[in-house]
Amino acid sequence: MSRVVEAHVNVTCPGRNFVTLKLVCDDGTTGVGDATLNGRELAVEAYLREHVCPMLIGREAGAIEDTWRYLYNGAYWRRGPVTMTAIAAVDCALWDIKGKQAGMPVYELLGGRCRTGVTVYGHANGETVGEVLDAVQTYVDLGYKAVRVQAGIPGLESTYGVSRGKLFYEPAEGGLAPREETWSTRLYLRSIGEVLGGVRERFGHELELLHDVHHRLSPIEAAQLGRLLEPHQLFWLEDPVPAELQSNLRVVRQHTTTPIAIGEVFNSIWDCEQLLREQLIDYLRMSVVHSGGITHLRRILHLAELYRVRSGFHGATDLSPVCMAAALALDMAIPNFGLQEYMRHTPETDAVFPHAYTFADGYLLPGDQPGLGVDLDEELAAQYPYQPALLPVTRLPDGTMHDW
Ligand code: EZ4
Ligand code: CO
């Protein structure tokens, strides 16, 4: 039996902030887990350092399920993004260790491959329809089979999700208080149909198209949008409404056949239990890092499978390569895989987190290294100290605070 002898938390900023937990066992095996919570990085770092790491010393490294229950069921305060991100980091590090000790990739431990590669989608953004078309072309040329399309809204100064034609889009911005953006549902609903229609016209119906609304609409507005976009046959419409009130999705569902994907801000089964049970969504956007790790997310996806809901794991740049490696292990092993988001990290981030996964022809391939196949180069990481950065906040034209 192998025991944990060291647990430490690393914070680094190779272009954006990442928090990583590293565990070391008595036989020298190490494991890593992503603990990055965009804009709240130091809350998780402190939670792990002060409240979790000391409890891990001396624990049996192989007892993954028991450790999960120790940190979740055993604690009085449950759930929430900070807690569940910290638990995820421990869980992933323990899966990484178990894989290395067994000499197998983690997807083998999870039941083995269900597919030969993980289909991913990229982010094509532009201010104008012309810029969007060019960005989609870039992804098509790279071999992508699915592309998320976001465009500027005429009449608004800036729009979330819109970079300027770069592969490395980063929504968080430096500073101690967030920048403020203006949102207009009316202007958005007037322009988005033309954007997605333009992409369909140019690229035909084989390419899978996705679009993210980022929680900006009311249920009936989302229903209108779903209908409006039906001719363009989206693979999914993401986060059309804030989903704390899960029954909101009934309204959307009653009116449109556009598939719905939700969940990147969820952190436990209790955020999506009704969505699954009533079949109110088609794809679940949760992530390993914000949902209690491989152990919890795998359980949720097994439940989802009963209700014909498939995975669409979050994979934005604020999820580190450590999270991506863990997501790929699950993507390979669950029967109800749908699609994996893949926003490319900068070369600096890739160097700090050397990894085995590779991109080819629209797929990510996890490789066959034992464990998660990813590591943290602590020496290199030390060259990039933490820098405060935040997502913007959003107001309506009359100044009312709106949902981000
Ligand atoms: O805003 O990851 O679908 N992807 C997204 C992302 C999220 C960020 C939040 O941390 O919506 O860009
Ligand atoms: Co999103």
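Just so it is clear, none of the values below were taken in a lab; they were calculated from the coordinates. In this text the structure is predicted, and so the values were computed from the model without any measurement. Here the Cβ is made from the backbone with ideal geometry for all residues, glycine too, and neighbour counts use every protein chain on show.
Our coupling estimate for the stretch 199-211, obtained by passing each phi through the Karplus curve with A = 6.51, B = -1.76, C = 1.60 and θ = phi - 60°, is 5, 4, 4, 6, 9, x, 9, 7, 5, 7, 10, 10, 8 Hz, Gly and Pro reported as x.
Working note: 222 nm ellipticity from helices only, DSSP H runs with n ≥ 4, each -39,500 (n - 2.57), summed and divided by the residues of the chain, gives -10000 deg cm²/dmol to the nearest 500. In order along the stretch 136-149, the Karplus-derived 3J(HN,Hα) couplings, from 6.51 cos²θ - 1.76 cosθ + 1.60 at θ = phi - 60°, round to 4, 4, 4, 6, 4, 5, 7, x, 4, 9, 8, 9, 8, 10 Hz, and Gly and Pro are given as x.
For the peptides 388-397, 87-96, the ranking by mean Cβ contacts within 10 Å, running from highest to lowest, is 87-96, 388-397. Amide H contacts of HIS215: VAL241, each under 5 Å away and 5 or more positions distant or on a separate chain (H built 1.01 Å from N in the peptide plane; Pro and chain starts excluded). Taking only Cα atoms, what is the 0 to 90° angle, nearest 10, from helix 219-229's long axis to the longest principal axis of the chain? Taking the Cα atoms of the chain, the angle to 219-229 is about 70 degrees. For SER218 and GLU170, the FRET efficiency from 1/(1 + (r/R0)^6), where r spans their Cβ atoms and R0 equals 30 Å, is about 0.55. Between THR30 and ARG69, the contour length at 0.36 nm per residue exceeds the Cα-Cα span by 11.9 nm. Entry for the chain at q = 0.06, 0.09 Å⁻¹: log10 I(q)/I(0) = -0.22, -0.51, Debye formula applied to identical alpha-carbon scatterers, no solvent contribution. Per residue, the Cα convex hull of the stretch 206-328 amounts to 103 Å³. The 3J(HN,Hα) values that the Karplus relation (6.51, -1.76, 1.60; θ = phi - 60°) gives for the stretch 295-306 are, in residue order, 4, 6, 5, 4, 4, 4, 5, 5, 5, 4, 4, 4 Hz. Gly and Pro appear as x.
Dividing the convex hull volume of the alpha-carbon atoms in the stretch 4-104 by its residue count gives 95 Å³ per residue.
Only bridges whose two residues both fall in the stretch 109-371 count here: according to DSSP, what percent of them are antiparallel, nearest 5?
Bridges in the stretch 109-371 are about 20 percent antiparallel.
Each principal axis of the Cα atoms in the stretch 108-206 has its own extent, and those three values, largest first, are 49, 41, 23 angstrom. Label separation (ARG250 vs ARG179): 4.1 nm, computed from points 7 Å beyond Cα along the C-beta direction.
Within the stretch 80-147, the percentage of alpha carbon pairs spaced more than 19 angstrom apart rounds to 62%. Relative to the longest principal axis of the Cα atoms of the chain, helix 81-102 runs at roughly 60 degrees. Relative contact order of the stretch 4-104: 33 percent, from C-alpha pairs under 8 Å at least 6 residues apart in sequence. With only the Cα atoms considered, the stretch 335-404 has a convex hull volume of 192 Å³ per residue. Rounded to two decimals, what is Rg over Rh for the stretch 214-281 when you use alpha-carbon atoms and the Kirkwood radius? That ratio equals 0.94.
Protection proxy ranking of 312-319, 109-116, 277-284, by the mean of other Cβ atoms within 10 Å over each peptide's residues and highest first, is 312-319, 277-284, 109-116. Close amide H contacts of ARG395 (hydrogens built in the peptide plane, cut-off under 5 Å, sequence separation of 5 or more or a different chain): GLU181, THR182, TRP183, HIS402. With contacts taken as Cα pairs under 8 Å and at least 6 residues apart, the chain reaches a relative contact order of 23 percent. Taking amide H atoms as placed 1.01 Å from N in the peptide plane, the amide H of THR128 lies under 5 Å from those of GLY152, each 5 or more residues away in sequence or on another chain.
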